[in-house]
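In what follows, a structure is listed as structure tokens, so that the remarks can point back to it.
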Amino acid sequence: MRAMAERLGHDPELWGIAGLLHDLDYEETKDQPSQHGLKTEEILKEKGVNPEVIEAIKAHNAEALGIQRKTDLDIAITCSECITGMVVATALVYPDKKISSVKASSIIKRMKQKEFARNVNRDLIRKCEEIHVPLEEFAELSLKAMGRISDQLGL
Ligand SMILES: [Fe+2]
């Protein structure tokens, strides 16, 4: 999210926080997708968190909540969540299981294989194009950003 903010001229701190908090209510709502994001909204509103962040957190679950994605941040959080899943799944098929072994072109190739990481929504990844980041570049940017924290990710 920070890398996307930098790429698009937005605030990396704000976008980073949105990414960090987006699944805050995951444990509570994992069996109720239509609530995912709404519990987080309650918690963060009370804490006075920036409304843009709260809206984006709901937007990452827009389909289940029946809402529209409006801002760059709404779209970025959605496509970023999904591509990170694809990056992790792709890294795990390499013998060393390292992000540094993965190429952007491998991510794109894997996206075309329906059965590979089938829970990762490809249409949501492609939303990067709606904020004018071509898919290839988005894959590259995501790999680089995740590569910088590969130790923390254990990949
Ligand atoms: Fe989520």
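Taken together, the values in this text are just the output of simple stated rules run on the coordinates, not laboratory data. What you see is a predicted model; the values in this text were computed from it and never measured. We place every Cβ from the backbone using ideal geometry, glycine too, and count neighbours over all the protein chains shown.
Points to keep in mind about this one:
- If you plug the beta carbon distance of Glu140 and Glu13 into 1/(1 + (r/R0)^6) with R0 = 35 Å, you get a FRET efficiency near 0.95.
- Annotation: aspartates and glutamates with alpha-carbon distance below 14 angstrom to Lys58 (same-chain offsets under eight excluded): Asp23, Asp25, Glu41, Glu42, Asp72, Asp74, Glu81.
- Treating r as the C-beta distance of Asp123 and Glu46 and R0 as 35 Å, the FRET efficiency rounds to 0.55.
- Volume of the convex hull of the chain (Cα atoms only), normalised per residue: 116 Å³.
- Mean residue ellipticity (222 nm) of the chain, computed from DSSP H runs ≥ 4 via -39,500 (n - 2.57), nearest 500: -17000 deg cm²/dmol
- FRET efficiency, 1/(1 + (r/R0)^6) with R0 30 Å, evaluated for Asp96 and Ile67 via beta carbons: 0.15
- At least 24 Å along the helix axis (C-alpha) and Kyte average at least 1.0, DSSP helices within the chain: 72-91
- The Cβ shell under 12 Å around Lys127 holds other residues with a net charge of -4, Lys and Arg each +1, Asp and Glu each -1.
- For the chain, averaging the sequence separation of C-alpha pairs within contact (under 8 Å, six or more residues apart) and dividing by the residue count gives a relative contact order of 20 percent.
- Whole-angstrom gap from the stretch 114-155 to the stretch 16-32, using each part's C-alpha centre: 19 Å
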